[in-house]
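**Q** The structure's right below; bear with me while I get my questions together.
The values are calculated or read from the model by the stated rules, or taken from the named source; none is laboratory data. In this text, all values refer to a predicted model and were calculated from it rather than measured experimentally. With ideal geometry, Cβ positions are generated from the backbone for all residues, glycine too; neighbour counts draw on all protein chains shown. Note: areas computed on protein heavy atoms with side chains; ligands, DNA, RNA excluded. Shrake-Rupley method; radii C 1.70, N 1.55, O 1.52, S 1.80 Å.
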Amino acid sequence: MAFDAEAIRAQFPILARQVNGKPLVYLDSAASAQKPRAVIDAMTHAMEYSYANVHRGLHTLANETTDAYEAARRKVAAFINADVNEVVFTKGGTEAVNLVAAGLGARLQSGDEIILSQMEHHANIVPWHFLRERLGVVLKWVPVTDDGRLDLEAFQGLLGPRTRVVALSHMSNVLGTINDAKSLARMAHEAGALVLFDGCQAIVHRAVDVKDIDADFYVFSGHKLYGPTGIGILYGKADRLAELPPYQGGGEMIGVVSEDEITYADPPHRFEAGTPPILEAIGLGAAIDFVSGLDRIAVAEHEHALYERVRERLKGANWLRVIGDAPGKGAILSFTVDGAHAHDVAQILDRYGLAVRAGTHCAEPLMQRFDFTSTAPASFALYNTVEEADAFVDALTKTQAFFA
Ligand code: PMP
C-alpha cells in the first residue's frame with residue numbers, strides 16, 4: 001500500500017498504549033479522533049511560551065496570541081476556500097448549528113418549512129425542533145433508502161414555496177454515506193431556501209470547498225479533525241452572516257454599549273462573545289496544517305481499503321447485520337451481531353483492546369428508520385492499519401461465538 005500508516009501512526013503518542021494488556025486498536029474516530037504530536041505541541045507551546053487573552057491587550061503576549069488566533073482563522077478559511085471573515089469560531093459543530101438556527105429563527109414564522117433528513121445527527125435536528133416548538137415551523141424529513149442514501153426524488157417533492165431552510169448532513173456518522181452537497185445546495189437554492197451542511201464527518205475525509213458547494217452555512221467540529229475539543233467552525237457566506245443577529249452577548253462582540261443603546265460588531269466577531277477558545281483555535285490550526293500536509297485522496301483510499309478488507313473478510317458472516325451500503329460511502333461500518341446487544345459487543349471487544357462505539361449515535365430517527373435499537377460502528381481513520389482491521393475481524397468473530 002502506497003500510504004504509510006505506520007509513519008502517520010508514529011505521530012500519535014496515544015496509539016502506543018495498551019488497553020487491557022493488548023495494543024490499543026482505536027476504531028472510534030468518527031466519535032472523536034486522536035491527536036497528533038503537532039497539535040499537542042502547538043497547544044503546549046502556546047501555554048508555555050506565548051499566552052494571553054486576545055483582541056484586548058497591547059502587550060507582547062496579547063499581540064502574539066491574537067496573531068496566533070487569527071492565523072488559525074486564516075488556516076481554516078484557506079482549508080475550506082472561504083474568506084477569512086466568513087469563519088466563526090464556536091465551541092463545536094453543535095454550537096454552530098444552534099447559532100444558525102437561533103439566528104434564522106428570528107425571521108421565521110409559523111408554517112415555514114425546514115427540511116432535514118432521517119440520517120441527521122441530533123446536533124442538526126434538535127436546534128430545528130426548538131423552532132418547531134417555539135414558532136410552529138414545520139419539519140419535513142428526507143427519507144433514507146434501504147442502502148443508506150438520501151431519496152432525492154422525495155427531497156425534490158418536499159421542496160416548496162414555504163421551504164426556508166434545508167439542513168443536511170454532508171456525511172452520515174452512522175451510515176458513512178457521503179451526500180452530494182453541491183447538487184443538494186442547487187436544489188435547495190432553486191426552491192429559494194437557504195442550505196446548511198453538517199460537515200462534522202465529511203471534513204475529515206475529503207477536501208471541502210464551500211464556494212464550490214455553494215453552501216450558505218457549513219459547520220464542523222475540531223476534535224474529529226485531529227484537533228482539540230472545545231472548538232468548532234461555522235462558515236457562513238458573508239451576506240448570510242451579516243443578516244444573522246448575535247447569538248450570545250458579552251465582551252468583544254459589540255460596536256458600542258451605553259446605558260440606552262447597543263450596536264454590534266461585524267461578523268465574525270459578532271458571534272464570538274467573551275473569551276473565545278484561544279488554545280483550541282491554535283490547536284485546530286495545527287490540525288489543519290497536519291491534514292493539509294497529507295495526500296487526502298491517498299488517506300481516503302487507505303481508510304476505504306481497510307473498510308473493504310473488513311467487509312470482504314466478514315462476507316460469509318450470517319450473524320452480522322450491517323446498515324449503510326451507499327456507493328462511495330466513507331469508512332464507517334455500523335453493525336449488530338445477532339443475539340447480542342451492541343453494548344455487550346463493544347464491551348467484549350474492549351477486552352481485546354479494541355475501541356468501538358455502541359449506541360444510537362445521536363441519530364435516533366435513523367435507528368427508527370432501520371428498526372435498530374443501537375449499533376456498534378467501527379470507524380477507520382488514517383492511523384489504522386491492515387493488522388488492526390484483521391484484529392477487529394478476529395476479535396469480532398470470537399465475540400460472536402459468546403452469543404452463538
Ligand atoms: N454531526 C455529526 C454528523 C456528528 O458526527 C457529530 C458528532 N458525533 C456532530 C454533528 C456533533 O458534533 P459535536 O459533538 O462535536 O458538537
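**Q** Leaving ligands, DNA and RNA out of it, rank Trp141, Trp319, Trp128 by accessible area with a 1.4 Å probe, largest first.
**A** Descending order: Trp141, Trp319, Trp128.
**Q** Please report, as a whole percent, how much of the solvent-accessible surface of segment 293-382 comes from carbon and sulfur atoms (probe radius 1.4 Å).
**A** Answer for segment 293-382: carbon and sulfur cover 46 percent of the accessible area.
**Q** Taking a 1.4 Å probe, which of Met47, Met187, Met367 shows the most accessible area, and what order do the others take after it?
**A** Met47, Met187, Met367
**Q** Next question, about the same structure. Show which lysines lie in cross-link reach of Lys140 when reach means a straight Cα distance below 24 angstrom and same-chain residues fewer than eight apart are skipped.
**A** Candidates past the 8-residue exclusion: Lys182.
**Q** Mind putting a number on the dipole of the chain about its Cα centre? Charges go on the C-beta only, +1 for Lys and Arg and -1 for Asp and Glu, and I need it in Debye to the nearest 20.
**A** Dipole magnitude for the chain comes out near 640 debye.
**Q** Taking a 1.4 Å probe, which of Tyr49, Tyr264, Tyr235, Tyr26 shows the most accessible area, and what order do the others take after it? Intermediate values should be presented prior to the final figure.
**A** Details: Tyr49 150, Tyr264 110, Tyr235 5, Tyr26 30 Å².
Accessible-area ranking of Tyr49, Tyr264, Tyr235, Tyr26, largest first: Tyr49, Tyr264, Tyr26, Tyr235.
**Q** Now a separate question. Counting Lys +1, Arg +1, Asp -1, Glu -1, what net charge surrounds Glu48 among other residues with beta carbon under 14 Å of its beta carbon?
**A** -2
**Q** Summing +1 for each Lys or Arg and -1 for each Asp or Glu, what net charge is found among the other residues whose Cβ lies under 13 Å from the Cβ of Lys75?
**A** After counting each charged neighbour, the total is -1.
**Q** Which value at 222 nm does the chain reach when only helices count, each DSSP H run of 4 or more adding -39,500 (n - 2.57), with the total divided by all residues and rounded to the nearest 500 deg cm²/dmol? Provide the component values of the computation, followed by the final result.
**A** Details: 15 runs with 161 residues, N = 404.
Mean residue ellipticity at 222 nm (helix-derived): -12000 deg cm²/dmol.
**Q** Turning to a different aspect of this structure: Let me have the relative contact order for the chain, percent, based on Cα pairs under 8 Å that are six or more residues apart.
**A** Computed value for the chain: 23 percent relative contact order.
**Q** Tell me which aspartates and glutamates have Cα within less than 18 Å of Lys91's Cα, excluding those fewer than 8 residues away on the same chain?
**A** Glu70, Asp198, Glu252, Glu272, Glu280
**Q** Mind checking which of Asn20, Asn179, Asn384 has the largest fluctuation in a GNM of the chain, springs on alpha carbons under 10 Å?
**A** With Cα springs under 10 Å in the chain, the top fluctuation among Asn20, Asn179, Asn384 is at Asn20.
**Q** Ignoring ligands, DNA and RNA, what accessible area per residue does segment 204-325 give at 1.4 Å, in Å²?
**A** That works out to 44 Å² per residue.
**Q** For the chain, what number results from the quotient of the Cα radius of gyration and 2.2 N^0.38 Å?
**A** Ratio of Rg to 2.2 N^0.38 Å for the chain: 1.01.
**Q** Within the accessible area of segment 17-78, what % is carbon and sulfur when the probe is 1.4 Å and the other protein chains stay in place?
**A** The value for segment 17-78 is 55 percent carbon and sulfur by accessible area.
**Q** Another question about this same structure. Just to confirm the filter: which GluC sites (Glu not before Pro) across segment 178-280 are DSSP coil and have at most 11 other Cβ within 10 angstrom of their Cβ?
**A** Glu259, Glu261
**Q** While we're looking at this one, here's another question. For Ala154 and Asp350, compute 0.36 nm times the residue count separating them, minus their Cα-Cα distance, and round to one decimal in nm.
**A** So the chain would gain 66.5 nm between Ala154 and Asp350.
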